[in-house]
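For reference, the structure discussed in these notes is given below.
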Amino acid sequence: MGEAARPLELLDAEAYLALEERSPVRHELFEGVPYAMAGASLAHNRIVGNLYALLRPSALAKGCRIYTETVKLRVSARTFYYPDLMVVCQGVPPHTHYEEAPCLVVEVVSEATEAIDRREKLWRYREIPSLQAYLLVDSRERRVEGYFRQGEGWLYRLWEGEGEVEVACLEARFSVSALYEGVAF
């Protein structure tokens, strides 16, 4: 005999933040439902580290905050993500455990995360008024895709193998080859 069905309890921001403080596993929250996060591959970790090293000097020079993987981004009252990298250039942090107004968000795409990064997160991130760019960096091949705010719309760009990616809010550029330095496929 199975367990009795019970209603799904949706978490609000306060309940989610309390859960995260005591949990040994990180969770993203989508419309009130927490989802445990999987561990990252070596390639994923190397790419995030390279990107942080490439953008940190520009972020510091402009007075921006740059974060990797362990800082939450509040997208709405019931949706929080842990972007692989984000840059925030305005105001003071709204809370000690999350940010709300990034100008850049980067997700490193893998087999396990690709569908969510391309659909759900693309849709949600583009609604953030401060966001100027959303980058999808592939962990399986040298491929960077970017969505860049252009007035009321968005421009899509693709780099495969080589090229330079511009980060307008930092007035910075980085090469695709530097991003993938030391990454084995």
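The values are calculated or read from the model by the stated rules, or taken from the named source; none is laboratory data. Just so it is clear, the model here is predicted, and its values are computed rather than measured. Here the Cβ positions follow ideal geometry from the backbone for every residue, glycine too, while neighbour counts run over all protein chains shown.
Structure above, values below:
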| read-out | value |
| --- | --- |
| Lone unmet requirement of (1) under 19 Å from Pro57 (Cβ atoms); (2) modelled with pLDDT under 95 for Ala77 | (1) |
| In segment 35-50, residue surrounded by the fewest Cβ atoms within 10 Å (Cβ to Cβ) [restricted to those that are of a type in the set (A, V, I, L, M) and closer than 16 Å to Arg140 by Cα] | Leu42 |
| Matching strands (runs of 3 or more DSSP E) fully within segment 22-103 where at least 1 residues are more than 24 Å from Tyr147 (Cα to Cα) | 27-30, 33-36 |
| Residues satisfying the stated conditions in segment 121-163, i.e. farther than 21 Å from Cys64 by Cβ and either touching a His at 6+ places or on another chain (Cβ under 8 Å) or of a type in the set (Ser, Thr, Tyr) (or both) | Ser139, Tyr156 |
| Residue check, Tyr156 closer than 29 Å to Phe80 by Cβ, part of a strand (DSSP E or B) and in contact with a helix residue (DSSP H, G or I) (Cβ under 7 Å, 6 or more places away or on another chain) | no |
| Criterion (of a type outside the set (Lys, Arg), outside any loop (DSSP other than H, G, I, E, B), at pLDDT below 95 and over 21 Å from Asp84 (Cβ atoms)) met by exactly one of Leu19, Leu10 | Leu19 |
| Selection count where residues are assigned to a strand (DSSP E or B) and among the aromatic types (Phe, Trp, Tyr), scope segment 119-153 | 3 |
| Where a residue in segment 77-89 is without any contact (Cβ under 8 Å) to a residue 40 or more places away in the chain and within 17 Å of His27 (Cα to Cα) and its partner, wherever it lies, is among the charged types (D, E, K, R) and surrounded by fewer than 22 Cβ atoms within 10 Å (Cβ to Cβ), with Cβ under 6 Å and at least six apart | none |
| Of residues in segment 169-185 being outside any strand (DSSP E or B) and free of Cβ contacts under 8 Å to residues at least 40 places away in the same chain, the one farthest from the chain's Cα centre (by Cα) | Ser177 |
| Of all residues making up segment 141-178, the number that are of a type in the set (Lys, Arg) and modelled with pLDDT under 95 | 0 |
